[in-house]
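Report on one structure; see the data block that follows.
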Amino acid sequence: MPLSCSGLSVAYGPRLALNAFDLTLGKGEIRVLIGPNGSGKSTALHALAGLIAPSGGEVSVGGRAVASFSRRDLAKRLSFLPQQPAAPDEMTVEQLVRQGRFAHVGLFRSYSARDVEAVRWALDSTGLTGLAERNLRELSGGERQRAWISAALAQEAEILLLDEPTSFLDIGHQVEVLDLICRLSRERRVTIVMAIHDLNQAMSVCDRISLLDKGERVFDGVPADLAASGLIERIFNVRGRFVTIADTRAPHFDVELARH
Ligand SMILES: Nc1ncnc2c1ncn2[C@@H]1O[C@H](COP(=O)(O)OP(=O)(O)O)[C@@H](O)[C@H]1O
Ligand SMILES: [Mg+2]
C-alpha cells in the first residue's frame, strides 16, 4: 500500500521538530530515515502513524488521509513499532504477539484459524517460537525487542513503520531482523519506513534513504547519491570515506577514528 506525506510539520510547543517533510513510497518500497539524535526521525514516524497531529501538511495511506481512519481500520493497514514500546510485565510473548491481531478480531469474534496462523508465523519469523510461553520480564533486551517486532508482524499490515528496530540486538539478530524486513518487502510487498542508526546497514537494506537534520530533510535519494553528496561527513561531523566492497551493491562508509 502506498504511503506519502507532504509538507508535514510537527511542533512541540513553540519548537518545530519536523519542518515541511515530504515522503512518497510505492508499495513494497523500503525507506530508511537517518539523521543525528534529535533530528526528527521518531517525530516523523509518529506523525506518519497518525499518532501526532501535525501542525501542517498531511499523511496519506493508500490515497486516504491518515486522520480519517478509525484506529482499528488504520491498524489493518499500518503497523508502528515505537523506539521504546511499553508493555505490562505480566504478559507472555505469545500474549503480546496475539495483541497484534486486535484489528482483525471483531468485538464478537474469537480467534480464527487465520489469527492463530498469523501469530505462529510471526513468532517463527522472529525466532521466538521456543520462547512463546516466557514472560516478557524474563527476556533479555534483544529478545524483548524481537517480541515487539513479532507483534508488529502479526498485525499483517501492508505498511510497517519501525523506529530503530535493531538497536538492542546483537549483530546476528540485527542481520536476522534486516533480512526479514527485506523478505517482507520482496515477498509480501510490505511498504516499510524505518529509522536506523547504523549507516551501512541503512544503505544496504533500503531502496531510498532520507537524511534529516534539525527537522529538515536534507537529502532524499539512493545510497550512491548520498555517498557522493558529502553530507554524511558534514551532518554527522565525522571524517571518513565511502568505499565499494565487492559483492555488495551498496556503498560502505569507512569512518576515520582519531588516532591516539
Ligand atoms: N514529546 C516531546 N516533547 C517535546 N519535545 C520533543 C518531544 N519528542 C521529541 N522532542 C524533541 O523534538 C526533536 C526531535 O526528536 P526526535 O523526533 O525524537 O528525534 P530522533 O528520533 O531523530 O532522535 C528533539 O529536539 C527532541 O528533543
Ligand atoms: Mg528517535
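Readers should treat all values here as calculations from the given coordinates under stated rules, not as data from a laboratory. The model shown is predicted, which means the values in this text are computed figures rather than measured ones. Please note: Cβ atoms are built from the backbone with ideal geometry, for glycine as well, and neighbour counts cover all protein chains shown.
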Consider the stretch 5-28. How many of its residues are crowded, with 16+ Cβ neighbours inside 10 Å and either more than 17 Å from the chain's Cα centre (by Cα) or over 13 Å from LEU160 (Cα atoms) (or both)? 11
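Taking the stretch 72-81, which residues are away from ligand 1 (no atom under 16 Å from the Cβ) and either buried (at least 17 other Cβ atoms within 10 Å of the Cβ) or of a type in the set (A, V, I, L, M, F, W, C) (or both)?
Here is the first cut: in the stretch 72-81, the residues away from ligand 1 (no atom under 16 Å from the Cβ) are 72-79.
Residues satisfying the conditions are LEU74, ALA75, ARG77, LEU78, SER79.
Any chance the stretch 246-260 includes a residue that's touching a Lys or Arg at 6+ places or on another chain (Cβ under 8 Å), touching a residue at least 24 places away in the same chain (Cβ under 8 Å), within 19 Å of LEU48 (Cα to Cα) and assigned to a strand (DSSP E or B)?
Just the residues of the stretch 246-260 that are touching a Lys or Arg at 6+ places or on another chain (Cβ under 8 Å), to begin with: 253-256.
If we keep only those that are touching a residue at least 24 places away in the same chain (Cβ under 8 Å) as well, we get 253.
Narrowing the set further to residues that are within 19 Å of LEU48 (Cα to Cα) leaves none.
No, because not a single residue in the stretch 246-260 is touching a Lys or Arg at 6+ places or on another chain (Cβ under 8 Å), touching a residue at least 24 places away in the same chain (Cβ under 8 Å), within 19 Å of LEU48 (Cα to Cα) and assigned to a strand (DSSP E or B).
Out of the helices (runs of 4 or more DSSP H) lying entirely within the stretch 132-242, which hold 1 or more residues that are under 15 Å from the mean Cα position of the chain (by Cα) and more than 24 Å from SER6 (Cα to Cα)?
Where helices (runs of 4 or more DSSP H) fall fully within the stretch 132-242 and carry at least 1 residues being under 15 Å from the mean Cα position of the chain (by Cα) and more than 24 Å from SER6 (Cα to Cα), they are 141-154, 171-187, 199-205.
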Could you list, ordered by first residue, the pairs with Cβ atoms under 6 Å in which the first is in the stretch 10-25 and within 12 Å of ILE52 (Cα to Cα) and the second is outside any strand (DSSP E or B) and more than 8 Å from ligand 1 (Cβ to nearest atom), at least 6 apart or interchain? VAL10/ALA47; VAL10/ILE52; VAL10/PRO54; ALA11/SER55
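With of a type outside the set (Lys, Arg) and away from ligand 1 (no atom under 16 Å from the Cβ) as the only criterion, which of SER4, SER42 stands out? Please lay out each step first, then the result.
Working: SER42 fails: away from ligand 1 (no atom under 16 Å from the Cβ).
Just one listed residue meets the conditions, SER4.
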Can you name the residue in the stretch 104-131 that is assigned to a helix (DSSP H, G or I) and of a type in the set (Gly, Ala, Ser) and, of all such residues, is surrounded by the fewest Cβ atoms within 10 Å (Cβ to Cβ)? ALA113
Of the conditions (1) on the phi > 0 side of the Ramachandran plot; (2) away from ligand 2 (no atom under 16 Å from the Cβ), the single one that GLU164 does not satisfy is (2)
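Please find, among ALA20, ALA47, the residue that is part of a strand (DSSP E or B), within 23 Å of VAL218 (Cβ to Cβ) and more than 10 Å from ligand 2 (Cβ to nearest atom). Before you say what the answer is, go through the steps one by one.
Numbers: ALA47 fails: part of a strand (DSSP E or B).
Answer to the selection: ALA20.
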Matching entry among ILE235, ILE245 (being surrounded by 15 or more Cβ atoms within 10 Å (Cβ to Cβ) and either touching a strand residue (DSSP E or B) at 6+ places or on another chain (Cβ under 9 Å) or within 16 Å of ILE196 (Cα to Cα) (or both)): ILE235
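Return the total of residues in the stretch 53-71 being surrounded by fewer than 19 Cβ atoms within 10 Å (Cβ to Cβ) and either on the phi > 0 side of the Ramachandran plot or not in a helix (DSSP H, G or I) (or both). Even if it seems obvious, please write down each step before you answer.
Residues of the stretch 53-71 surrounded by fewer than 19 Cβ atoms within 10 Å (Cβ to Cβ): 53, 55-58, 60, 62-65, 67-71.
Retained after the next criterion (residues that are either on the phi > 0 side of the Ramachandran plot or not in a helix (DSSP H, G or I) (or both)): 53, 55-58, 60, 62-65, 69-70.
Total satisfying the criteria: 12.
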Odd one out for GLN84, checked against (1) touching a residue at least 24 places away in the same chain (Cβ under 8 Å); (2) within 16 Å of ligand 1 (Cβ to nearest atom): (1)
